[in-house]
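Student: Next up is a structure, given as structure tokens.
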Amino acid sequence: MRIIEVSDYKQMSVKAAQHVIGKIMKSDCLTLGLATGGTPTGLYGELIEDHHVNGTSYKCVNSINLDEYIGLSKEDPNSYFQYMCSNLFSHIDIALENTHIPSGMATDLQKECDRYEKLIEETGGIDLQILGIGENGHIGFNEPGTSFQSGTHLVELTESTREANARYFSSIDEVPRQAITMGISTIMKSREILLLVSGKSKQDAMKKLLENEVTESFPASILRNHPNVTIIADKDALTMVQHLHR
Ligand code: F6R
């Protein structure tokens, strides 16, 4: 794992954007794995600005999102579909038909998981997966205890994850209890992974990720076994990490 330490959230976002833009420029047709949540909004903002200023085009980019809540329609302001439109898709020239997010409204949820896993394979796999990390080490919505063998699947969200995400809803009761997420094995098949981490609330997670063993009770630890991971983390997130070569 390569670790890039940056001063703050803004620098994390700028560095991540440079990385993503570099890949887009070098590739004829890139498949980007995308995340939602608070962490990547700065990255998306930088990509939008670059698109307007430098004209980087997304016409040949496919995107595949990590996850979606169950029970929220595409129109729901809290759905990850809406998040992606307002934070990125509506401001760049990506073709909406090349963007993919699991459907949280599918009548047969297992079928939707299978369809999504197959779709990722059929698109040729993910070239660059953007990840954030939960305070409990979750990646996507793969909560502690998720099998490292898991493909795209249905999950029950833990109370800590629902509480962390309640800030986007008017009350915690509105936060869905289930989601569809790419599994750990799905994420690990990505050719490259870019993990973004910012803030003191993630310092414990960063310490566990970098210093503890690989274990299903801390899902992100599997990233240590991936051959091509870059972590861009700010000083606050790295506060508790002992042996970083600074
Ligand atoms: C989002 C996702 C989650 C988040 C994680 C961190 O699609 O899959 O794993 O990356 O919950 O969330 P933030 O960035 O809000 O701290």
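Student: Order of 199-211, 161-173, 128-140 by packing, highest average Cβ count within 10 Å first? Could you put the intermediate results ahead of the total?
Tutor: Numbers: 199-211: 18.3, 161-173: 13.5, 128-140: 23.4.
By packing density, highest mean first, the sequence is 128-140, 199-211, 161-173.
Student: Would you mind giving the average projected area, over all directions, of the Cα convex hull of segment 1-52 in nm² with one decimal?
Tutor: Average of the hull's projected areas for segment 1-52 equals 4.3 nm².
Student: Can you sort 107, 56 by how many other beta carbons sit within 10 Å, fewest first? All intermediate terms of the calculation are to be shown ahead of the outcome.
Tutor: Working: 107 7, 56 17.
By the 10 Å Cβ count, ascending, the order reads 107, 56.
Student: Say each of residue 111 and residue 240 gets a label point 7 Å from the Cα, pointing the same way as Cα to Cβ; how far apart are those two points in nm?
Tutor: 4.5 nm
Student: Kindly work out what percent of the DSSP beta bridges joining two residues of segment 106-198 are antiparallel, to the nearest 5.
Tutor: The antiparallel fraction comes to roughly 55 percent.
Student: Given the peptides 176-184, 95-103, arrange them by the average over their residues of other C-beta atoms within 10 Å, most packed first.
Tutor: Ranking, from highest mean packing down: 176-184, 95-103.
Student: Right, something else. Projected onto the charge dipole of the chain (+1 at Lys/Arg Cβ, -1 at Asp/Glu Cβ, origin at the Cα centre), which of 36, 214, 63 gives the Cα projection farthest towards the positive end?
Tutor: Toward the positive end, the furthest listed residue is 214.
Student: A further question on this structure: Take every DSSP beta bridge whose two residues both sit in the chain, then give the antiparallel share in percent to the nearest 5.
Tutor: Antiparallel bridges make up about 25 percent of those DSSP assigns within the chain.
Student: Grab the eigenvalues of the alpha-carbon gyration tensor for the chain, scale each by 5, take roots, and send me the semi-axes largest first in whole angstrom. Mind showing how you got there, number by number?
Tutor: On the way: eigenvalues 116, 104, 64 Å².
The equivalent ellipsoid of the chain has semi-axes of 24, 23, 18 Å.
Student: Please list the equivalent ellipsoid semi-axes of segment 156-223, computed as the square roots of five times the alpha-carbon gyration tensor eigenvalues, in descending order and whole angstrom.
Tutor: Numbers: eigenvalues 117, 55, 28 Å².
Here the semi-axes work out to 24, 17, 12 Å.
Student: Below 8 Å, C-alpha to C-alpha, sequence gap of six or more: please give me the relative contact order for the chain in percent.
Tutor: On the way: 483 pairs, mean separation 62.9, N = 246.
Computed over the chain, the figure is 26 percent.
Student: Same structure, new question: Which one, 183, 171, 242, is farthest towards the positive end of the dipole of segment 148-243 when Lys and Arg carry +1 and Asp and Glu -1 on their Cβ?
Tutor: 242
Student: Could you tell me the number of lysine pairs in segment 1-155 with C-alpha atoms less than 23 Å from each other, where the two lysines are 8 or more residues apart or belong to different chains?
Tutor: Lysine pairs meeting both conditions in segment 1-155 amount to 10.
Student: For segment 138-246, give the share of DSSP beta bridges that are antiparallel, in percent and rounded to the nearest 5; count only bridges with both residues there.
Tutor: 50 percent
No value in this document is a laboratory result; all are computed from the given coordinates. Keep in mind that what you see is a predicted model, and the values were worked out from it rather than measured. Reconstructed Cβ throughout: ideal geometry from the backbone, glycine too, with neighbour counts over all protein chains shown.
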